[in-house]
Structures are given as C-alpha cells and as structure tokens.
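Asker: So that we are looking at the same thing, I have put the structure below in structure tokens.
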C-alpha cells in the first residue's frame with residue numbers, strides 16, 4: 001500500500017485482491033456487466049475459456065449474479081471470499097451459477113491473482129516516488145486555487161487493466177489502470193477533474 005498525505009488530505013493507493021478475482025471471472029466467462037461501469041479487460045488477457053461451458057439461460061443468470069458480487073465489492077470493505085484458504089463459497093449460495101464457476105476455476109484464478117499481486121509489489125518499488133510527487137502536486141495546485149482539501153481521503157485502486165484510464169466510484173474511490181501512472185499527462189487528465197469534484 002502507498003500512502004501520501006498533506007495539509008488535511010490523504011491518498012491511499014493499493015491493489016484489491018477481490019476485485020482482481022471478480023474481474024478474472026468476468027473475463028473468463030465473457031460476462032458483460034449491465035448498468036455498471038465498464039472496466040477494460042485485464043492484462044495479461046484472460047481467455048474466455050469458461051464462456052463455452054455456459055448454456056444461454058445460465059449466461060444471463062451468471063451475469064446478474066456476478067453484477068451483484070461486483071456491487072458488494074464496491075460498496076463493502078469486507079471480502080466475500082477468503083482467498084488465503086480453500087474457500088467453500090458458502091457466501092455465494094444464493095448465486096448458484098457464479099458459485100459453480102468459482103468452484104470450477106478458483107485454482108487458476110487464485111494463481112493468476114497471486115502473480116498479479118507480486119507484480120504490483122514490484123511495480124510499487126519502481127514507481128512510488130513519482131506517483132506520490134504527482135499526487136502531491138495535484139493537491140497543492142487545488143490548495144493554491146483556494147479549494148478546501150481538508151478531510152479528503154482519495155482511495156486509488158490500481159489494477160492491471162488493458163486500457164490506460166480511470167473510473168470514479170462514489171464517494172471517493174478511483175479504479176485505475178496501473179499503466180496510467182506511466183503517462184503523467186494522461187494521469188493528470190483523469191485525476192484532476194475528480195479531485196476538483198471532491199474539493
């Protein structure tokens with residue numbers, strides 16, 4: 001986890017293991033969420049191998065069940081999967097299609113996710129200083145404009161997404177591609193309007 005703070009504001013940046021798992025299963029089963037933010041596919045790409053396993057009626061049910069899971073992840077800090085053990089997926093008893101998918105493919109999903117977590121740690125070692133300096137500049141500029149940045153906590157969730165962009169999740173979370181930080185101008189173009197909105 002990366003944390004930077006200034007005069008009353010703070011920014012935390014981290015990866016989210018459960019979001020990674022959910023997005024892995026989204027891509028694996030070629031689930032197209034309805035009525036939710038459309039995050040880019042993961043990178044490296046997850047082949048939609050499980051999509052062939054689904055009957056047409058099960059695909060619609062799975063999409064709704066996955067959507068409910070994703071909304072729980074966005075609204076609640078408590079994980080629904082104990083990913084450090086062999087989970088029984090009891091918390092998905094009301095989502096039979098999703099529960100079946102999780103049971104069938106959890107081993108590969110867990111390995112894929114652990115690899116991304118390791119890559120994120122290496123990424124943080126190489127990029128933390130530049131990220132913090134850029135964020136501090138954005139907040140300093142808002143303060144110079146007379147904006148109130150006190151009591152502002154911006155949470156960045158950095159994920160290995162194939163598209164360099166950011167998605168704002170109310171009230172104070174930004175999901176962004178890890179690659180976005182490598183382009184300071186593009187990073188600023190996404191984050192500055194969000195910080196303006198919150199100050």
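Asker: Test of understanding: among 156, 135, which residue is closer than 25 Å to residue 182 by Cβ and not in a helix (DSSP H, G or I)?
Answerer: 156
Asker: Looking only at residues in region 44-81 that are in a loop (DSSP other than H, G, I, E, B) and touching a helix residue (DSSP H, G or I) at 6+ places or on another chain (Cβ under 8 Å), which one is modelled with the lowest pLDDT?
Answerer: 79
Asker: Could you check region 85-117 and list, in sequence order, the residues that are outside any helix (DSSP H, G or I) and surrounded by 13 or more Cβ atoms within 10 Å (Cβ to Cβ)?
Answerer: Within region 85-117, 87, 89, 95 meet the criteria.
Asker: In this structure, is residue 18 more than 29 Å from residue 122 (Cα to Cα), at pLDDT 85 or above, touching a helix residue (DSSP H, G or I) at 6+ places or on another chain (Cβ under 9 Å) and part of a helix (DSSP H, G or I)?
Answerer: no
Asker: Please state which of the following conditions residue 142 fails to meet, knowing it meets all the rest: (1) closer than 22 Å to residue 6 by Cα; (2) surrounded by 14 or more Cβ atoms within 10 Å (Cβ to Cβ); (3) without any contact (Cβ under 8 Å) to a residue 60 or more places away in the chain; (4) within 19 Å of the chain's Cα centre (by Cα).
Answerer: Failing condition for residue 142: (4).
Asker: In this structure, is residue 109 touching a residue at least 60 places away in the same chain (Cβ under 8 Å), under 17 Å from residue 24 (Cα atoms) and in contact with a helix residue (DSSP H, G or I) (Cβ under 8 Å, 6 or more places away or on another chain)?
Answerer: In short, yes.
The values are calculated or read from the model by the stated rules, or taken from the named source; none is laboratory data. Since the structure is predicted, the reported quantities are computational estimates derived from the model, not experimental observations. Heads up, the Cβs are rebuilt from the backbone with ideal geometry, glycines too, and the neighbour counts pull from every protein chain shown.
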